[in-house]
1. Roughly speaking, what is the stretch gain from Gln133 to Thr25, that is 0.36 nm per residue apart minus the C-alpha to C-alpha distance, in nm to one decimal?
2. Say R0 is 30 Å: what FRET efficiency, to the nearest 0.05, do Leu117 and Ser38 get from their beta-carbon distance?
3. Amide H to amide H, which residues 5 or more places from Ala131 or on other chains are under 5 Å from it, using H placed in the peptide plane?
4. Leaving ligands, DNA and RNA out of it, rank His27, His79, His104 by accessible area with a 1.4 Å probe, largest first.
5. Starting from the 7 Å offset along Cα-to-Cβ, what nm value, one decimal, do you get for the label separation of Arg101 and Thr159?
6. On a full-extension model of 0.36 nm per residue, what is the gain between Asp168 and Gln76, subtracting their alpha-carbon distance, rounded to one decimal in nm?
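The values are calculated or read from the model by the stated rules, or taken from the named source; none is laboratory data. Quick caveat, the model's predicted, so the values are computed rather than measured. FYI the Cβ positions are ideal-geometry reconstructions off the backbone, even for glycines, and counts take in every protein chain you see. In case anyone asks, the SASA skips ligands and DNA or RNA and just uses the protein heavy atoms, side chains included. Shrake-Rupley method; radii C 1.70, N 1.55, O 1.52, S 1.80 Å.
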Amino acid sequence: MFDNGAPPSGSGTEGPGVDTELPSTLHIAGLALTRTESPPSLACWTGYFPEPAGAEPARICLVIEPAAPPEESTLQLAHDVVSRFGAFVDQALEYCRTRLRERHFELTAEELSRLDLPELPLAVPEATVWADQTWAIRFAESGLRLADPYGILVTFNGTQPVDVQGLDGEQ
């Protein structure tokens, strides 16, 4: 299912403080994730979903801290996210449509009315999967104040969205 080029977990080659060989590419559900430059304390692989011409490509990142080859359970979660990315984006959008109406988000009347439009003012979805089995979708572009300048983050627990937050300059 996964070809990450690393020795299998439990092979005796990894351990605390041991510099293990990190694969340069992970192949997950037909998507190639390439190791990207990151601080030595973590390992990050990034891949892009194919998009129609002229559209911004959607991205997925797999982040492991401390830096190590990903464990099978993390690869399985990444596989689930890649395989069902479109459905998860739709779930996240509907979750935002409902949750962003809550008073504490302080949306203006105009912003609230945009939540009723067929197309929400959220675009360029990016998924991040962490080694601790948590993951999120960030909408990098949004027409909402609370998302300026870094977007909106929808956190998932398994397959269900559980939190949403605006990523303004304070976070």
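1. 36.9 nm
2. Computed FRET efficiency for Leu117 and Ser38 comes out at 0.20.
3. Residues meeting the criterion, in which the H sits 1.01 Å from N, are Val63, Glu65.
4. Putting His27, His79, His104 in descending order of accessible area: His104, His27, His79.
5. The modelled label-to-label distance comes out at 2.5 nm.
6. Going from the current span to full extension adds 30.0 nm.
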